[in-house]
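Structure first, then comments.
Computed from the coordinates by the stated procedures, all read-outs in this text should not be read as laboratory data. Keep in mind that what you see is a predicted model, and the values were worked out from it rather than measured. Glycine gets a Cβ as well: all are built from the backbone with ideal geometry, and neighbour counts include every protein chain shown.
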Amino acid sequence: MATLILAALVAVAGCTQDKEQAAPEKKPVVKLYTVASRQVVQRYECTGTVESFKKNHISPAMQVRIEQILVEVGDRVTQGQTLVRMENSQFTQQQAQLDNLRKDYERTLNLFQAGGISRQEVDRVRTNLDVMEASFANLRNNIALKSPINGVITARNYDAGDMYSGTPVLTVEQIQPLKTLIHVTEEFFPRVTRNMPVEVRLDIYPGEVFEGRVHLVYPTIDAASRTFGVEVSIPNAGMKIRPGMFARVSLLFGQAERVLVPDVAVVKQSGTGDRYVYVYKDGKVSYRKVALGPRHEEGYEVISGVLASEQVVVSGHSRLVDGAEAEVIK
């Protein structure tokens with residue numbers, strides 16, 4: 001009896017195994033997207049660091065003691081505004097010497113006109129006077145140090161009473177407008193021109209786009225990097241941007257007809273960085289390598305690998321292999 005039961009169980013197990021082996025494997029289920037071409041803005045994106053448009057170090061031309069510093073870091077200043085006053089004892093002394101030399105010249109000129117001295121003596125005194133006047137003008141300019149630009153004080157290195165020792169007393173930077181230097185690949189050299197508009201994005205202000213313009217185009221190509229420099233000016237009307245911020249700059253080259261593929265259709269091959277998509281046709285998928293261009297809101301530009309009107313897989317990649325049959329759902 002036990003033998004019959006055991007034989008029956010073995011027979012049932014064998015039938016079950018045969019049924020499992022015979023059951024067809026389910027096809028992977030995928031969603032598709034029909035690739036199309038459309039007009040998209042042609043842009044080239046690169047990064048740079050925001051810099052002040054101008055940066056001036058405020059220093060005297062000689063070693064003089066600092067009498068008074070009239071501004072502090074963060075103060076906004078205007079062109080021609082006095083920022084620092086230096087000790088003026090030497091100024092007073094030299095002014096008196098200059099007054100005496102002017103009187104000597106007048107006396108010498110009167111003597112020459114009366115025939116008492118030669119023209120050579122007049123020229124000698126005139127030369128001494130010119131030298132003294134130039135020296136005095138330089139000293140006067142170094143007694144009251146003025147701002148050469150409209151800007152903001154960004155550094156102060158002394159206190160009143162310190163002796164100037166070579167380090168700039170102050171630094172003033174123009175932050176309206178600002179600028180950033182980017183490096184553009186040589187293929188765009190003929191297309192980048194002065195005053196062309198650009199878009200500037202800053203990570204600190206997500207979602208905001210700031211307008212800018214090409215201010216300078218460097219005239220040579222760097223042989224090592226195959227890039228050329230482009231200086232972009234940023235108006236900074238709202239004063240939200242500051243030097244040192246990380247900027248993403250987009251150069252705009254109009255619109256063109258391009259084939260686009262959605263981000264979710266692109267599969268990155270690990271280890272190589274190559275990009276692929278699964279193209280669906282006649283019930284099967286094929287694993288196809290693609291070359292991608294710039295990214296847009298609608299997806300990536302396709303340089304090669306997929307044509308307009310072809311269908312690509314946008315969902316259900318995990319079970320797919322090249323040449324596999326797939327079931328399509330909407």
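Miscellaneous remarks
- For Cα extents along the principal axes in Å, computed directly from the structure shown, the correct entry in (i) 52, 50, 45; (ii) 51, 46, 38; (iii) 153, 51, 36 is (iii).
- Potential extension, ARG76-TYR205 segment - 0.36 nm per residue separation minus Cα distance: 44.1 nm
- Net charge of neighbours whose Cβ lies under 11 Å from the Cβ of GLY299, counting Lys and Arg as +1 and Asp and Glu as -1: -1
- Residues of region 153-190 with amide N under 18 Å of the 7 Å Cα→Cβ point at MET239: 153-155, 172-179
- Taking ALA256, ALA96, ALA36 in turn, the Gaussian network model of the chain (Cα-Cα springs below 10 Å) assigns the largest fluctuation to ALA96.
- Coordinate range along principal axes, alpha carbons of region 89-142, Å, largest first: 41, 15, 10
- Length added when fully stretched, ALA144-ASN110, from 0.36 nm per residue minus Cα-Cα: 8.6 nm
- MRE, 222 nm, helices only [DSSP H, n ≥ 4, -39500 (n - 2.57), over the chain, to nearest 500]: -7500 deg cm²/dmol
- Mean sequence separation of contacting Cα pairs (under 8 Å, at least six apart), scaled by the length of region 89-142, corresponds to a relative contact order of 46 percent.
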